[in-house]
Amino acid sequence: MAIHDVAIKVDNVSKTFKLPHEKQASIKGALINLVHGGKRSYETQQALKGISFEVKKGEFFGIVGRNGSGKSTLLKMLAGTYMPSKGSIHVNGKLTPFIELGVGFNPELTGRENVFLNGALLGFNRKEMMAMYEDIVDFAEIERFMDQKLKNYSSGMQVRLAFSIAIRADSDILLFDEVLAVGDASFQQKCYDMFENLKKEGRTVVLVTHDMSAVQRFCQRAILIEKGVIQLNGKPGDIADKYLEQNFEKQVQSKDPKGEPRKDSSMFTVKNVKLKSPNGSSKSFSMRENVTVGFSVKNHSTEESFHIGLQIFNGAGAYCFGTNTKISNITAIKARSTNISLSLSQTLAPGTYFVTIAIMNNAATKVLRYLPKLATFNVKQETEDQGVVLMDYKWEVANV
(Lines give C-alpha, C1' and ligand atoms only; values in the text may rest on other atoms or scores of the structure.)
Protein backbone atom coordinates (compact mmCIF):
# COMPACT_ATOMS: atom_id res chain seq x y z
CA MET A 1 0.00 0.00 0.00
CA ALA A 2 1.41 3.42 -0.98
CA ILE A 3 2.27 5.59 2.03
CA HIS A 4 -0.04 8.41 0.88
CA ASP A 5 -2.99 5.97 0.99
CA VAL A 6 -2.31 5.03 4.63
CA ALA A 7 -4.09 6.85 7.47
CA ILE A 8 -2.54 4.82 10.32
CA LYS A 9 0.48 2.53 10.22
CA VAL A 10 1.28 0.39 13.27
CA ASP A 11 4.65 -1.34 12.96
CA ASN A 12 5.71 -4.10 15.39
CA VAL A 13 4.27 -2.30 18.42
CA SER A 14 4.59 -3.71 21.93
CA LYS A 15 3.49 -2.21 25.23
CA THR A 16 4.75 -3.26 28.64
CA PHE A 17 3.58 -1.91 31.99
CA LYS A 18 5.45 -2.05 35.30
CA LEU A 19 3.31 -3.12 38.24
CA PRO A 20 4.94 -2.34 41.64
CA HIS A 21 4.66 -5.05 44.30
CA GLU A 22 4.75 -2.58 47.22
CA LYS A 23 2.18 0.16 47.42
CA GLN A 24 3.39 3.44 49.00
CA ALA A 25 0.34 5.21 50.34
CA SER A 26 2.20 8.27 51.65
CA ILE A 27 5.34 10.38 51.19
CA LYS A 28 6.42 9.28 54.67
CA GLY A 29 6.27 5.62 53.66
CA ALA A 30 8.30 6.30 50.53
CA LEU A 31 10.98 8.20 52.54
CA ILE A 32 11.24 5.44 55.14
CA ASN A 33 11.66 2.88 52.40
CA LEU A 34 14.35 5.06 50.79
CA VAL A 35 16.26 5.63 54.09
CA HIS A 36 16.37 1.92 54.77
CA GLY A 37 17.78 1.28 51.34
CA GLY A 38 14.66 -0.41 50.15
CA LYS A 39 14.23 -1.00 46.46
CA ARG A 40 10.80 -1.37 45.00
CA SER A 41 10.27 -4.55 43.06
CA TYR A 42 8.16 -4.63 39.93
CA GLU A 43 6.22 -7.12 37.91
CA THR A 44 5.97 -6.55 34.16
CA GLN A 45 2.75 -6.98 32.23
CA GLN A 46 2.94 -7.13 28.45
CA ALA A 47 -0.34 -5.76 27.14
CA LEU A 48 0.61 -5.89 23.44
CA LYS A 49 3.20 -7.98 21.60
CA GLY A 50 4.42 -7.14 18.10
CA ILE A 51 1.22 -5.62 16.72
CA SER A 52 1.38 -4.59 13.02
CA PHE A 53 -1.40 -3.39 10.71
CA GLU A 54 -2.40 -0.52 8.45
CA VAL A 55 -5.64 1.45 8.14
CA LYS A 56 -6.31 2.95 4.71
CA LYS A 57 -7.59 6.48 4.25
CA GLY A 58 -11.39 6.44 4.11
CA GLU A 59 -11.60 2.98 5.68
CA PHE A 60 -14.00 1.99 8.48
CA PHE A 61 -11.77 -0.28 10.57
CA GLY A 62 -12.79 -2.46 13.53
CA ILE A 63 -10.76 -3.58 16.54
CA VAL A 64 -12.33 -6.53 18.37
CA GLY A 65 -11.29 -8.52 21.41
CA ARG A 66 -12.46 -9.81 24.76
CA ASN A 67 -11.95 -7.80 27.95
CA GLY A 68 -8.26 -7.70 28.81
CA SER A 69 -7.12 -8.57 25.28
CA GLY A 70 -5.25 -5.27 24.83
CA LYS A 71 -7.58 -3.46 22.42
CA SER A 72 -8.14 -0.40 24.65
CA THR A 73 -4.39 -0.12 25.25
CA LEU A 74 -3.90 -0.14 21.49
CA LEU A 75 -6.53 2.56 21.02
CA LYS A 76 -4.87 4.76 23.64
CA MET A 77 -1.56 4.40 21.83
CA LEU A 78 -3.21 5.38 18.55
CA ALA A 79 -4.60 8.43 20.37
CA GLY A 80 -1.17 9.29 21.78
CA THR A 81 -2.18 8.74 25.42
CA TYR A 82 0.36 5.91 25.74
CA MET A 83 3.71 5.59 23.99
CA PRO A 84 4.81 2.20 22.61
CA SER A 85 7.49 0.33 24.55
CA LYS A 86 8.69 -0.95 21.19
CA GLY A 87 7.82 -0.27 17.55
CA SER A 88 6.26 2.78 15.95
CA ILE A 89 2.88 4.31 15.11
CA HIS A 90 2.50 6.77 12.22
CA VAL A 91 -0.72 8.80 11.90
CA ASN A 92 -1.24 10.62 8.62
CA GLY A 93 -3.74 13.41 9.33
CA LYS A 94 -5.59 15.10 12.19
CA LEU A 95 -6.93 12.54 14.67
CA THR A 96 -9.70 12.94 17.26
CA PRO A 97 -10.15 10.19 19.87
CA PHE A 98 -13.54 9.50 21.47
CA ILE A 99 -12.11 7.38 24.28
CA GLU A 100 -12.64 9.16 27.58
CA LEU A 101 -15.63 11.28 26.68
CA GLY A 102 -16.34 14.16 29.03
CA VAL A 103 -12.71 14.91 29.90
CA GLY A 104 -12.68 18.67 30.46
CA PHE A 105 -16.27 18.85 31.70
CA ASN A 106 -16.83 20.90 34.86
CA PRO A 107 -19.47 19.32 37.15
CA GLU A 108 -20.25 22.71 38.74
CA LEU A 109 -21.22 24.25 35.39
CA THR A 110 -24.49 23.71 33.57
CA GLY A 111 -24.83 21.49 30.52
CA ARG A 112 -25.11 24.62 28.36
CA GLU A 113 -21.88 26.10 29.80
CA ASN A 114 -20.07 22.79 29.35
CA VAL A 115 -21.04 22.66 25.67
CA PHE A 116 -19.18 25.91 25.05
CA LEU A 117 -16.29 24.89 27.31
CA ASN A 118 -15.82 21.56 25.57
CA GLY A 119 -16.22 23.16 22.16
CA ALA A 120 -13.41 25.60 22.99
CA LEU A 121 -11.17 22.64 23.89
CA LEU A 122 -11.88 21.21 20.44
CA GLY A 123 -10.83 24.51 18.84
CA PHE A 124 -14.22 26.07 18.05
CA ASN A 125 -14.97 29.74 18.77
CA ARG A 126 -18.18 30.95 20.42
CA LYS A 127 -19.84 31.87 17.12
CA GLU A 128 -19.23 28.40 15.72
CA MET A 129 -20.57 26.78 18.90
CA MET A 130 -23.68 28.97 18.80
CA ALA A 131 -24.38 27.66 15.29
CA MET A 132 -23.94 24.04 16.43
CA TYR A 133 -25.68 24.28 19.80
CA GLU A 134 -29.20 23.20 18.80
CA ASP A 135 -27.92 20.22 16.81
CA ILE A 136 -25.74 19.13 19.73
CA VAL A 137 -28.64 19.26 22.19
CA ASP A 138 -31.04 17.51 19.79
CA PHE A 139 -28.55 14.71 19.20
CA ALA A 140 -27.94 14.19 22.94
CA GLU A 141 -31.73 14.24 23.64
CA ILE A 142 -31.34 16.18 26.90
CA GLU A 143 -32.82 19.59 26.02
CA ARG A 144 -34.78 19.86 29.32
CA PHE A 145 -31.60 19.46 31.39
CA MET A 146 -29.25 21.92 29.69
CA ASP A 147 -29.57 24.55 32.43
CA GLN A 148 -28.95 22.06 35.24
CA LYS A 149 -25.48 21.53 36.71
CA LEU A 150 -23.60 18.66 35.17
CA LYS A 151 -23.11 16.99 38.56
CA ASN A 152 -26.86 16.26 38.56
CA TYR A 153 -26.66 14.38 35.24
CA SER A 154 -26.56 10.60 35.06
CA SER A 155 -23.34 9.13 33.66
CA GLY A 156 -25.21 8.18 30.48
CA MET A 157 -26.44 11.75 29.97
CA GLN A 158 -22.92 13.12 30.43
CA VAL A 159 -21.43 10.72 27.89
CA ARG A 160 -24.20 11.42 25.37
CA LEU A 161 -23.62 15.16 25.66
CA ALA A 162 -19.85 14.74 25.36
CA PHE A 163 -20.25 12.47 22.34
CA SER A 164 -22.65 14.92 20.68
CA ILE A 165 -20.04 17.67 21.02
CA ALA A 166 -17.07 15.51 20.04
CA ILE A 167 -18.51 14.34 16.71
CA ARG A 168 -18.46 17.97 15.52
CA ALA A 169 -14.66 17.85 15.45
CA ASP A 170 -13.25 18.42 11.98
CA SER A 171 -10.77 15.55 11.84
CA ASP A 172 -9.39 13.21 9.20
CA ILE A 173 -9.38 10.20 11.55
CA LEU A 174 -11.90 9.36 14.29
CA LEU A 175 -11.33 6.79 17.06
CA PHE A 176 -14.38 5.39 18.85
CA ASP A 177 -14.31 3.17 21.95
CA GLU A 178 -17.64 1.46 22.76
CA VAL A 179 -19.76 4.52 21.90
CA LEU A 180 -22.71 2.28 21.07
CA ALA A 181 -22.90 1.14 24.69
CA VAL A 182 -24.31 4.53 25.70
CA GLY A 183 -27.93 5.55 25.64
CA ASP A 184 -31.18 3.94 24.65
CA ALA A 185 -32.28 2.52 21.29
CA SER A 186 -33.11 5.97 19.93
CA PHE A 187 -29.64 7.34 20.69
CA GLN A 188 -27.95 4.22 19.34
CA GLN A 189 -29.88 4.60 16.09
CA LYS A 190 -28.53 8.15 15.84
CA CYS A 191 -25.03 6.73 16.27
CA TYR A 192 -25.73 4.24 13.47
CA ASP A 193 -26.98 7.03 11.20
CA MET A 194 -23.90 9.08 12.02
CA PHE A 195 -21.66 6.12 11.15
CA GLU A 196 -23.45 5.77 7.81
CA ASN A 197 -22.79 9.45 7.08
CA LEU A 198 -19.12 9.09 8.01
CA LYS A 199 -18.81 6.17 5.56
CA LYS A 200 -20.47 8.20 2.80
CA GLU A 201 -18.12 11.11 3.48
CA GLY A 202 -15.11 8.79 3.19
CA ARG A 203 -13.83 9.61 6.69
CA THR A 204 -11.33 7.26 8.32
CA VAL A 205 -12.90 5.59 11.37
CA VAL A 206 -11.46 3.13 13.90
CA LEU A 207 -14.10 1.44 16.04
CA VAL A 208 -13.46 -0.65 19.15
CA THR A 209 -16.58 -2.55 20.14
CA HIS A 210 -18.09 -5.80 21.44
CA ASP A 211 -21.08 -5.33 19.11
CA MET A 212 -20.49 -7.79 16.26
CA SER A 213 -23.54 -6.56 14.33
CA ALA A 214 -21.96 -3.08 14.22
CA VAL A 215 -18.64 -4.56 13.06
CA GLN A 216 -20.32 -6.42 10.22
CA ARG A 217 -22.58 -3.53 9.30
CA PHE A 218 -20.03 -0.71 9.17
CA CYS A 219 -16.48 -2.04 9.03
CA GLN A 220 -14.71 -2.87 5.78
CA ARG A 221 -11.92 -4.64 7.66
CA ALA A 222 -11.21 -5.63 11.25
CA ILE A 223 -8.64 -7.25 13.51
CA LEU A 224 -9.20 -9.62 16.42
CA ILE A 225 -6.82 -9.21 19.37
CA GLU A 226 -6.34 -11.98 21.90
CA LYS A 227 -3.77 -11.91 24.72
CA GLY A 228 -1.97 -8.92 23.21
CA VAL A 229 -1.45 -10.29 19.69
CA ILE A 230 -3.44 -10.04 16.46
CA GLN A 231 -5.12 -13.40 16.06
CA LEU A 232 -6.97 -12.56 12.86
CA ASN A 233 -6.93 -9.70 10.34
CA GLY A 234 -9.52 -9.68 7.58
CA LYS A 235 -13.20 -9.62 6.71
CA PRO A 236 -15.62 -8.43 9.43
CA GLY A 237 -17.76 -11.56 9.08
CA ASP A 238 -14.79 -13.85 9.76
CA ILE A 239 -13.73 -11.67 12.71
CA ALA A 240 -17.24 -11.74 14.19
CA ASP A 241 -17.47 -15.53 13.86
CA LYS A 242 -14.13 -16.08 15.59
CA TYR A 243 -14.96 -13.60 18.35
CA LEU A 244 -18.31 -15.28 19.09
CA GLU A 245 -16.67 -18.70 19.00
CA GLN A 246 -14.05 -17.55 21.54
CA ASN A 247 -16.68 -16.14 23.87
CA PHE A 248 -18.87 -19.20 23.80
CA GLU A 249 -15.97 -21.58 24.18
CA LYS A 250 -14.78 -19.60 27.20
CA GLN A 251 -18.05 -20.54 28.91
CA VAL A 252 -17.33 -24.19 28.27
CA GLN A 253 -14.25 -24.35 30.50
CA SER A 254 -15.08 -26.86 33.21
CA LYS A 255 -13.54 -29.71 35.17
CA ASP A 256 -13.74 -33.43 34.99
CA PRO A 257 -14.67 -35.59 38.03
CA LYS A 258 -11.02 -35.49 39.22
CA GLY A 259 -11.02 -31.70 39.22
CA GLU A 260 -8.79 -31.38 36.16
CA PRO A 261 -9.70 -28.76 33.53
CA ARG A 262 -10.98 -30.16 30.28
CA LYS A 263 -11.01 -28.56 26.86
CA ASP A 264 -14.42 -27.87 25.41
CA SER A 265 -13.42 -28.51 21.80
CA SER A 266 -13.12 -32.23 22.57
CA MET A 267 -16.36 -32.50 24.54
CA PHE A 268 -18.75 -32.68 21.60
CA THR A 269 -18.32 -33.49 17.92
CA VAL A 270 -20.87 -32.33 15.35
CA LYS A 271 -20.62 -34.00 11.94
CA ASN A 272 -22.52 -34.65 8.71
CA VAL A 273 -24.40 -31.35 8.68
CA LYS A 274 -26.74 -31.47 5.68
CA LEU A 275 -29.59 -29.38 4.34
CA LYS A 276 -32.31 -30.65 2.08
CA SER A 277 -35.69 -29.69 0.67
CA PRO A 278 -38.63 -31.91 -0.37
CA ASN A 279 -37.33 -31.79 -3.97
CA GLY A 280 -33.82 -32.80 -2.93
CA SER A 281 -32.10 -29.42 -3.10
CA SER A 282 -29.25 -28.93 -0.62
CA LYS A 283 -27.87 -25.43 -1.26
CA SER A 284 -30.45 -23.29 -3.03
CA PHE A 285 -34.10 -23.14 -1.96
CA SER A 286 -37.20 -21.54 -3.38
CA MET A 287 -39.09 -18.95 -1.37
CA ARG A 288 -41.23 -20.55 1.37
CA GLU A 289 -39.76 -23.98 0.57
CA ASN A 290 -39.35 -26.21 3.63
CA VAL A 291 -35.78 -26.87 4.76
CA THR A 292 -34.62 -29.83 6.86
CA VAL A 293 -31.35 -29.53 8.78
CA GLY A 294 -29.75 -32.85 9.74
CA PHE A 295 -26.55 -33.59 11.67
CA SER A 296 -24.99 -36.02 14.15
CA VAL A 297 -23.65 -35.30 17.63
CA LYS A 298 -21.18 -37.33 19.66
CA ASN A 299 -20.78 -36.66 23.37
CA HIS A 300 -17.20 -37.24 24.58
CA SER A 301 -17.72 -35.39 27.85
CA THR A 302 -19.00 -36.34 31.28
CA GLU A 303 -22.21 -34.40 30.68
CA GLU A 304 -25.05 -36.81 31.41
CA SER A 305 -27.46 -34.99 29.12
CA PHE A 306 -27.56 -31.93 26.90
CA HIS A 307 -29.75 -29.81 24.64
CA ILE A 308 -29.25 -28.65 21.05
CA GLY A 309 -29.76 -25.10 19.80
CA LEU A 310 -29.90 -23.87 16.22
CA GLN A 311 -29.63 -20.33 14.89
CA ILE A 312 -29.91 -18.81 11.43
CA PHE A 313 -28.11 -15.59 10.42
CA ASN A 314 -28.31 -13.78 7.12
CA GLY A 315 -25.31 -12.70 5.06
CA ALA A 316 -25.18 -9.32 6.84
CA GLY A 317 -24.94 -11.02 10.23
CA ALA A 318 -28.53 -10.30 11.32
CA TYR A 319 -30.03 -12.89 13.67
CA CYS A 320 -33.05 -14.28 11.81
CA PHE A 321 -34.20 -17.26 13.87
CA GLY A 322 -33.25 -19.39 16.83
CA THR A 323 -34.65 -22.32 18.78
CA ASN A 324 -33.49 -25.19 20.98
CA THR A 325 -34.72 -28.57 22.12
CA LYS A 326 -35.43 -27.28 25.65
CA ILE A 327 -37.98 -24.64 24.62
CA SER A 328 -39.46 -27.20 22.22
CA ASN A 329 -40.21 -29.44 25.25
CA ILE A 330 -37.86 -32.19 24.10
CA THR A 331 -36.20 -34.23 26.83
CA ALA A 332 -32.49 -33.61 27.29
CA ILE A 333 -30.40 -35.94 25.12
CA LYS A 334 -28.55 -38.68 27.01
CA ALA A 335 -27.12 -40.83 24.22
CA ARG A 336 -23.42 -40.77 23.41
CA SER A 337 -24.21 -40.67 19.70
CA THR A 338 -27.33 -38.96 18.32
CA ASN A 339 -28.76 -38.06 14.92
CA ILE A 340 -30.67 -34.78 14.91
CA SER A 341 -33.17 -33.48 12.37
CA LEU A 342 -35.03 -30.17 12.39
CA SER A 343 -37.68 -29.28 9.79
CA LEU A 344 -38.21 -25.59 9.13
CA SER A 345 -41.11 -23.94 7.32
CA GLN A 346 -38.91 -21.05 6.25
CA THR A 347 -40.26 -17.66 5.18
CA LEU A 348 -36.90 -15.99 4.65
CA ALA A 349 -36.43 -13.24 2.09
CA PRO A 350 -34.08 -13.90 -0.86
CA GLY A 351 -30.42 -13.98 0.14
CA THR A 352 -27.64 -16.03 1.70
CA TYR A 353 -28.03 -17.61 5.17
CA PHE A 354 -25.83 -19.46 7.65
CA VAL A 355 -26.74 -22.20 10.12
CA THR A 356 -25.08 -22.15 13.55
CA ILE A 357 -25.36 -24.95 16.09
CA ALA A 358 -24.91 -24.71 19.86
CA ILE A 359 -24.73 -27.52 22.42
CA MET A 360 -25.99 -26.61 25.88
CA ASN A 361 -26.17 -28.19 29.32
CA ASN A 362 -29.23 -30.11 30.48
CA ALA A 363 -30.92 -26.95 31.75
CA ALA A 364 -30.11 -25.06 28.51
CA THR A 365 -28.60 -22.26 30.62
CA LYS A 366 -24.97 -22.65 29.51
CA VAL A 367 -23.40 -23.10 26.08
CA LEU A 368 -20.99 -26.05 26.03
CA ARG A 369 -19.94 -25.70 22.41
CA TYR A 370 -20.71 -23.06 19.80
CA LEU A 371 -20.20 -23.89 16.12
CA PRO A 372 -20.81 -20.95 13.76
CA LYS A 373 -21.60 -21.24 10.05
CA LEU A 374 -21.70 -25.03 9.85
CA ALA A 375 -23.86 -24.81 6.75
CA THR A 376 -24.75 -22.21 4.15
CA PHE A 377 -27.81 -21.98 1.96
CA ASN A 378 -29.43 -19.55 -0.44
CA VAL A 379 -33.05 -18.48 -0.89
CA LYS A 380 -33.69 -17.71 -4.56
CA GLN A 381 -34.59 -14.24 -5.78
CA GLU A 382 -38.20 -14.70 -6.87
CA THR A 383 -39.61 -11.38 -5.70
CA GLU A 384 -38.65 -7.71 -5.54
CA ASP A 385 -39.79 -7.49 -1.91
CA GLN A 386 -37.09 -6.61 0.59
CA GLY A 387 -36.31 -7.32 4.24
CA VAL A 388 -35.36 -10.32 6.35
CA VAL A 389 -38.57 -12.36 6.18
CA LEU A 390 -41.40 -12.75 3.71
CA MET A 391 -44.85 -11.60 4.81
CA ASP A 392 -48.22 -12.16 3.22
CA TYR A 393 -49.81 -8.87 2.26
CA LYS A 394 -52.60 -7.32 0.22
CA TRP A 395 -52.69 -3.73 -0.99
CA GLU A 396 -55.94 -1.78 -1.05
CA VAL A 397 -55.87 1.61 -2.73
CA ALA A 398 -59.01 3.74 -2.76
CA ASN A 399 -58.97 6.96 -4.75
CA VAL A 400 -60.97 9.74 -3.09
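Here are a few things to note about the model shown:
- Fraction of accessible area attributable to carbon and sulfur, region 256-393 (%, probe 1.4 Å): 49
- Bridgeable lysines around Lys334 (alpha carbons under 18 Å apart, same-chain partners fewer than 8 residues away excluded): Lys271, Lys298, Lys326, Lys366.
- Accessible solvent surface per residue of region 63-112, calculated while the other protein chains remain in place, 1.4 angstrom probe, Å²: 48
- Within the chain, percent of DSSP bridges classed antiparallel, to nearest 5: 75
- Within a Gaussian network of the chain (alpha carbon springs, distance under 10 Å), most fluctuating of Lys373, Lys86, Lys200: Lys200
- Counting only aspartates and glutamates at least 8 places from Lys242 when in the same chain, those with an alpha carbon closer than 15 Å to its own are Asp211, Glu226.
- Positive-end residue, the chain charge dipole about Cα centroid, Cβ charges, pick of Ala398, Ile167, Gly280: Gly280
- Segments 191-198, 294-301, 170-177 sorted - mean Cβ within 10 Å per residue, highest first: 170-177, 294-301, 191-198
- J(HN,Hα) series, region 150-166, from Karplus relation 6.51 cos²θ - 1.76 cosθ + 1.60, nearest Hz, glycine and proline x: 4, 5, 8, 7, 6, 4, x, 5, 5, 5, 4, 5, 4, 5, 5, 6, 4
- DSSP-loop GluC sites (Glu not before Pro) across region 321-400, with at most 10 other Cβ within 10 angstrom: Glu384, Glu396
- The listed residues Ile8, Ile167, once ranked by accessible area (1.4 Å probe) with the largest placed first, stand as Ile167, Ile8.
- Region 40-158: Lys pairs at Cα distance under 20 angstrom, eight or more positions apart or on different chains: 11
- Relative packing of peptides 120-127, 63-70 - highest average C-beta neighbours within 10 Å first: 63-70, 120-127
The values are calculated or read from the model by the stated rules, or taken from the named source; none is laboratory data. Only a predicted model underlies this, so the values are computations on that prediction, with no experimental measurement involved. Here the Cβ is made from the backbone with ideal geometry for all residues, glycine too, and neighbour counts use every protein chain on show. Only protein heavy atoms, including side chains, enter the accessible area calculation; ligands, DNA and RNA are left aside. Shrake-Rupley method; radii C 1.70, N 1.55, O 1.52, S 1.80 Å.
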